[in-house]
Amino acid sequence: MHTRRIGDVEVSAIGLGAMPMSIEGRPDEERSLATLHAALDAGVTLIDTADAYHLHADEVGHNETLIAKALASHERGGEVLVATKGGHLRPGDGSWTLDGSPRHLREACEASLRRLGVEAIGLYQFHRPDPKVDYAESVGAVRDLLDEGKIRMAGISNANPEQIRQAQEILGGRLVAVQNQFSPAFRSSEPELRLCDELGIAFLPWSPLGGISKAGELGSAHGAFARIAEARGVSPQRVCLAWMLAKSPVVVPIPGASRPETIRDSAAATDLVLTADEVAELDAA
């Protein structure tokens, strides 16, 4: 498994987005644990989660608890950087709400610490800007958690270039990661990717394969990915992740998975080196 860096931590070039194991359509716990263990066996050392990855109102942090269980039961569990997030909520009716208040972020972080069973969270990310709260206040709360040693590294998610620069300033140059949606069908985060490349900040594409319901359709929806996949004898999904890795050394995709075979295929993307012509064709697709 090839590696990249988030802050001062070396991680696998492909991470695992654990959300599909806790929200709608989630598998049973046995398959989820098997998927997480398959990721570790494949050399994955970055797992992304959030306290909001759950279904029902009384199971906040379901995904974090699941990950803690998987890591505790695997010999390589201690090698993993767990990245979690706060500031998004699920009331239990299927909706998503926001609370970027400093008080909530502090309480959310404390609860995540307990669920993950750690003294400090490896990477804590402000999940999504809250229009009701000044962005500087939200990021300032993350800075305070960093200063207090509650978290080891700080990141933001769903941010625009202005917010990235603002967060970097508020955090005193210690912003290590930006997690935005980016996929063949959703490329509007190109400016954020370029800015992260310029600043040396890790860029973590979420839903890089198009999301839970559409990942399997990637090849049929985007012909160039299917053509190159066929020529290379690999899946269109693997080509997609290799394309992202080729865009910049700061890119660390976090494809979601809920089956062992899915994360194994994604992890293998680090060994697929595309030619410059192939990258150009995919960029133009």
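Contact order, relative form, for the chain: 21 percent (alpha carbon pairs under 8 Å, 6 or more residues apart, mean separation divided by residue count). Taking Cα centre as origin and charging only the Cβ of basic (Lys, Arg, +1) and acidic (Asp, Glu, -1) residues, the dipole magnitude of the chain rounds to 100 debye.
Normalised by 2.2 N^0.38 Å, where N is the number of residues, the alpha-carbon radius of gyration of region 140-285 equals 1.12. Is region 204-272 best put as rounded, prolate or oblate by its Cα gyration tensor, with a ≥ b ≥ c the root eigenvalues, rounded for a/c under 1.5, and otherwise prolate when a/b is larger than b/c, oblate when not? Here region 204-272 falls in the rounded category. Our note on the geometry: Cα centres of region 14-52 and region 178-237, 19 Å apart.
Loop-only GluC sites (Glu not before Pro) in region 71-167, please: DSSP not H, G, I, E or B, and at most 14 other Cβ atoms within 10 Å. The partial results should precede the final answer.
Details: sites: Glu75, Glu79, Glu107, Glu110, Glu119, Glu137, Glu148, Glu162; in loops: Glu75, Glu119, Glu148.
Filter output for region 71-167: Glu75, Glu119, Glu148.
Placing unit charges on the Cβ atoms of the charged side chains and taking the dipole of region 149-285 about its Cα centre, the candidate lying farthest along the positive direction among Ser220, Gly233, Ile201 is Ile201. P(r) for region 168-214, from all Cα pairs and a bin width of 5 Å, is 5, 22, 27, 20, 12, 8, 4, 1 %, short bins first.
Of the accessible area of the chain, with the probe set at 1.4 angstrom, what percent is carbon plus sulfur?
The computed percentage sits at 48.
If the viscosity is 1.306 mPa s and the temperature 10 °C, what translational diffusion coefficient in µm²/s does Stokes-Einstein give for region 61-117 when Rh comes from Kirkwood over Cα pairs? The estimated diffusion coefficient comes to 126 µm²/s.
Near the amide H of Trp206, within less than 5 Å, lie the amide hydrogens of Asn180, Gln181, Phe182, all on another chain or at least 5 residues away, with H placed in the peptide plane.
Projecting the Cα atoms of His104, Ala83, Trp243 onto the charge dipole of the chain (Cβ charges, centred on the Cα centre) puts Trp243 farthest toward the positive pole. Lysine pair count for the chain with Cα-Cα distance under 27 Å and sequence separation of 8 or more or different chains is 8. In a Debye calculation with equal point scatterers on the alpha-carbon sites of region 122-193 and no solvent, what is log10 I(q)/I(0) at q = 0.22, 0.23, 0.27 Å⁻¹? Once normalised to I(0) and log-transformed, intensities are -0.93, -0.99, -1.26. Could you work out the local net charge near Ala70, counting Lys and Arg as +1, Asp and Glu as -1, over the other residues with Cβ closer than 15 Å to its Cβ? Its environment carries a net charge of -2. Between the Cα long axis of helix 161-170 and the first principal axis of the chain there is an angle of about 40°, rounded to the nearest 10.
Along the axis of the charge dipole computed for the chain (Cβ charges of +1 for Lys and Arg, -1 for Asp and Glu, origin at the Cα centre), the listed residues Ala267, Ile151, Gln181 are led at the positive end by Ala267. 3J(HN,Hα) along region 230-243, derived from phi through the Karplus expression 6.51 cos²θ - 1.76 cosθ + 1.60 where θ = phi - 60°, amounts to 5, 5, 8, x, 10, 7, x, 5, 5, 4, 4, 5, 5, 4 Hz, with x in place of Gly and Pro. About its Cα centre, region 148-285 has a charge dipole of approximately 380 debye under the convention of +1 per Lys or Arg Cβ and -1 per Asp or Glu Cβ, with nothing else charged. Evaluate the Debye formula for region 1-145 with equal point scatterers sitting on the alpha carbons, no solvent, and hand back log10 of I(q)/I(0) at q = 0.08, 0.12, 0.20 Å⁻¹, in q order, two decimals. For region 1-145 at q = 0.08, 0.12, 0.20 Å⁻¹, log10 I(q)/I(0) is -0.21, -0.48, -1.24. The coefficient of translational diffusion for region 82-220, derived via Stokes-Einstein from the alpha carbon Kirkwood radius under 4 °C and 1.567 mPa s, stands at 83 µm²/s. The convex hull defined by the C-alpha atoms of region 165-244 has an orientation-averaged projected area of 5.8 nm². Rounded to the nearest 500, the 222 nm mean residue ellipticity of the chain from helices alone is -12000 deg cm²/dmol, with -39,500 (n - 2.57) taken per DSSP H run of at least 4 residues. Computed over the alpha-carbon atoms, the chain gives an Rg to Rh ratio of 0.95, Rh here being the Kirkwood radius from the mean inverse distance.
Can you tell me how region 1-83 classifies by the Cα gyration tensor, rounded, prolate or oblate, using a/c under 1.5 as the rounded cut? Walk me through the numbers before you get to the answer.
Details: a/c = 2.11, a/b = 1.63, b/c = 1.29.
Prolate.
Looking at region 209-285, the accessible area is 44 square angstrom per residue; that uses a 1.4 Å probe and ignores ligands, DNA and RNA.
The values are calculated or read from the model by the stated rules, or taken from the named source; none is laboratory data. Being a predicted model, the structure only gives us computed values, none of them experimental. Note that we place each Cβ from the backbone using ideal geometry, even for glycine, and neighbour counts take in every protein chain shown. Heads up: the accessible areas ignore ligands, DNA and RNA and are worked out on the full protein's heavy atoms, side chains in. Shrake-Rupley method; radii C 1.70, N 1.55, O 1.52, S 1.80 Å.
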